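Visitor: Right, I'll just put the structure down here and ask away after.
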Amino acid sequence: MTAADPIVIAGFAVEAPGGIDTPRAYWAALESSTELIGAFPRDRGWPLDELLSVSELDDWGAVQDAGGFLTGAADFDPAFFGIAQREAIATDPQQRVALRVAWRALENTGLNPGALAGADAGCFIGCSPMEYGPHGAKVDEYSGLRIIGHGLLSAAARISHCLGLIGPSMTVDAACASSITALHLAAAAVRDGDCEWALAGAVCVMGSPLAFYEFARHNALSADGHCRSYSDDASGTLWGEGAGVVVVERESRARELGHRIHGTLLASHHNHNGAGKPILVPRTDAQERLIRRTIARAGIDPADIGMIEGHGTATRAGDPVELRALQNTYGVAGSAPLLGSVKSNAGHAQAAAGMLGLVKLLLAGQHGRIPPTLFADNPTTKVDWERSSLRLAAKVEPWEPRDGRRYGAVSSFGAGGSNAHAILALPVDEENDDA
């Protein structure tokens with residue numbers, strides 16, 4: 001395959017907090033500046049009284065009764081997917097949600113998911129370990145089913161097995177950088193001929209409140225139950241859930257099969273912070289290096305980038321680091337890119353965060369409008385905004401194309417030091433409102 005036959009996104013699907021399970025509903029929430037945060041679920045057996053009182057412990061931060069939770073996380077039809085009832089119960093909900101979102105992505109592409117057995121297709125799913133169910137080291141009715149039911153072990157394998165895909169299948173854990181890393185690996189597999197096409201995506205469903213406990217101990221959770229990305233009022237992150245899957249293939253294949261091209265992946269890259277600072281501390285130099293290399297691979301003028309979907313965790317350490325890297329790259333390129341983060345709407349979906357951001361970018365390109373990022377009316381004062389042209393998207397803005405395409409970028413950075421970035425070109429002549 002040559003540069004004249006690039007990797008494109010031919011279909012996608014998404015699930016987000018607030019009962020959102022279609023791109024149309026997702027876009028409506030983004031464009032209307034809807035916050036999708038809700039109270040902790042009361043049907044998961046979580047120790048809420050203890051969780052909401054951890055601030056009484058020495059040196060612990062408070063946990064608010066808030067997060068971005070999937071309302072249908074437990075919904076699943078095992079018979080539809082050929083899975084026995086007991087096995088389905090023992091299976092991490094991350095696998096179940098990823099499977100149904102992958103199915104919808106295929107339908108969105110125009111493929112029949114039930115007729116793909118033997119397809120030379122890959123599957124790359126970002127997913128991080130989550131506690132789910134009772135302790136496994138004991139004898140009970142689910143013994144023997146957890147080998148495959150564990151979320152991280154088989155999120156991608158579950159999809160490949162159910163659909164009968166015979167290409168490479170891999171679950172990717174790069175913490176919060178998992179989504180774009182999975183996209184990068186899927187595109188490379190298609191580009192290198194490892195498979196004809198691939199599913200790339202990520203999922204996050206919290207089977208336990210472990211992440212809330214961990215960040216409360218670090219005093220890194222939001223103090224008011226909002227994820228105020230890039231805001232001067234930001235006090236910490238707010239955990240969320242979500243899932244997204246895209247179908248990637250060569251442009252020639254998409255054209256031949258009549259698949260709609262939602263975007264062209266011009267370049268992607270991933271790297272690591274390396275040694276030096278503590279493993280949880282983000283690094284401006286690493287992120288800047290990542291962005292510069294991705295721009296070079298894309299072969300475009302960075303001034304063409306009109307929208308950047310950032311990471312924006314609303315942590316005191318993370319946001320300024322990311323903003324400086326963006327200022328040093330896109331912000332001095334001679335344009336005025338608008339920056340936002342869907343975390344301000346839905347919370348931090350961890351492994352799936354970048355995929356929710358990618359789908360937001362695709363939809364913005366289709367509609368020709370850049371949705372606002374919430375809480376952008378009070379940008380952080382920890383960076384000097386006047387030193388670059390980078391600005392937050394504070395309201396719905398028209399996204400003007402350049403040479404018939406809109407150019408956008410999406411970032412995701414992992415707590416373990418992994419970083420990922422992608423640049424896409426989004427067609428104008430195929431835009432409509434029926435995604």
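Visitor: Can you work out the FRET efficiency for the pair Glu400 and Leu51, with r the C-beta to C-beta distance and R0 = 35 Å, to the nearest 0.05?
Guide: E between Glu400 and Leu51, to the nearest 0.05, is 0.15.
Visitor: With θ set to phi - 60°, apply the Karplus curve 6.51 cos²θ - 1.76 cosθ + 1.60 along region 307-316 and write out the HN-Hα couplings as whole Hz, x wherever there is a Gly or Pro.
Guide: For region 307-316, the Karplus curve yields 9, 10, 8, x, 7, x, 7, 6, 8, 5 Hz.
Visitor: Still on this structure: Taking the Cα centre of region 300-366 as the origin, how large is its charge dipole in debye, to the nearest 20, when only Lys and Arg (+1) and Asp and Glu (-1) carry charge on their Cβ atoms?
Guide: Numbers: 4 positive and 5 negative charges, 49 e Å.
For this selection, approximately 240 debye.
Visitor: In whole percent, how big is the carbon plus sulfur part of the accessible area of the chain, probe 1.4 Å, protein atoms only? Can you show the working numbers first?
Guide: Working: 8290 of 16320 Å².
Here it works out to 51 percent.
Visitor: If you don't mind, another one. For the chain, how many pairs of lysine residues have a Cα-Cα distance under 27 Å, where the two are 8 or more positions apart or belong to different chains?
Guide: Summing the qualifying lysine pairs gives 8.
Visitor: Is the shape of the chain rounded, prolate or oblate, going by the alpha carbon gyration tensor and its root eigenvalues a ≥ b ≥ c, with a/c under 1.5 for rounded and a/b larger than b/c for prolate?
Guide: Oblate.
Visitor: Full extension from Asp58 to Arg217: what is 0.36 nm times the residue separation minus their Cα-Cα distance, to one decimal in nm?
Guide: Going from the current span to full extension adds 56.3 nm.
Visitor: Okay, next question. Could you calculate the contour length gain from Glu196 to Glu31, that is, 0.36 nm times the residue separation minus the distance between their Cα atoms, to one decimal place in nm?
Guide: Stretched fully, the Glu196-Glu31 segment lengthens by 55.9 nm.
Visitor: In nanometres, what is the gap between the two model label sites at Asp384 and Asp65, each 7 Å from Cα along Cα-to-Cβ?
Guide: If labels sit at Asp384 and Asp65, their model points lie 4.6 nm apart.
Visitor: Could I have the simple spin-label model distance between Asp301 and Arg316, label points 7 Å from Cα toward Cβ, reported in nm to one decimal?
Guide: A separation of 4.2 nm, rounded to one decimal place.
Visitor: For Ala84 and Lys277, FRET efficiency with R0 = 51 Å and r from the beta-carbon atoms, rounded to 0.05?
Guide: In this case the efficiency is close to 0.60.
Visitor: Order of 21-34, 413-426 by packing, highest average Cβ count within 10 Å first?
Guide: Result, highest mean first: 413-426, 21-34.
Visitor: In the chain, with Lys and Arg counted as +1 and Asp and Glu as -1 at Cβ, which of these residues, Gly122, Asn328, Gly318, has the Cα nearest the positive end of the dipole, that is, farthest along it?
Guide: So the residue furthest toward the plus end is Asn328.
Visitor: Considering only Ser222, Gly68, Gly417, whose Cα is most displaced toward the positive end of the charge dipole of the chain, charges sitting on Cβ of Lys, Arg (+1) and Asp, Glu (-1)?
Guide: Highest projection toward the positive end goes to Gly417.
Visitor: Using unit Cβ charges (K, R positive; D, E negative) and no other charged atoms, how large, in debye to the nearest 20, is the dipole of region 214-277 about its Cα centre?
Guide: Values: 7 positive and 8 negative charges, 60 e Å.
So the magnitude is around 280 debye.
Visitor: Still on this structure, I have one more. In region 32-130, what chymotrypsin sites (Phe, Trp or Tyr not before Pro) fall in a loop by DSSP, with at most 10 other Cβ atoms inside 10 Å?
Guide: none
Visitor: How many angstrom lie between the C-alpha centres of region 220-274 and region 32-53?
Guide: One Cα centre to the other: 23 Å.
Visitor: For the chain, with a Gaussian network of springs between Cα atoms less than 10 Å apart, report the residue from Ala333, Ala84, Ala351 with the top mean-square fluctuation.
Guide: Result: Ala84 has the largest fluctuation of those listed.
Visitor: For the chain, calculate the relative contact order in percent as a whole number, restricting contacts to Cα pairs under 8 Å that are 6 or more residues apart.
Guide: For the chain, the relative contact order is 22 percent.
Visitor: Might you tell me the accessible area per residue for the chain, computed with a 1.4 Å probe and given in Å²?
Guide: 38 Å²
The values are calculated or read from the model by the stated rules, or taken from the named source; none is laboratory data. What you see is a predicted model, and the numbers here were worked out from it, not measured in a lab. Neighbour counts run over all protein chains shown; Cβ positions are idealised from the backbone, glycine included. All accessible areas refer to the heavy atoms of the entire protein, side chains included, with ligands and DNA or RNA removed. Shrake-Rupley method; radii C 1.70, N 1.55, O 1.52, S 1.80 Å.
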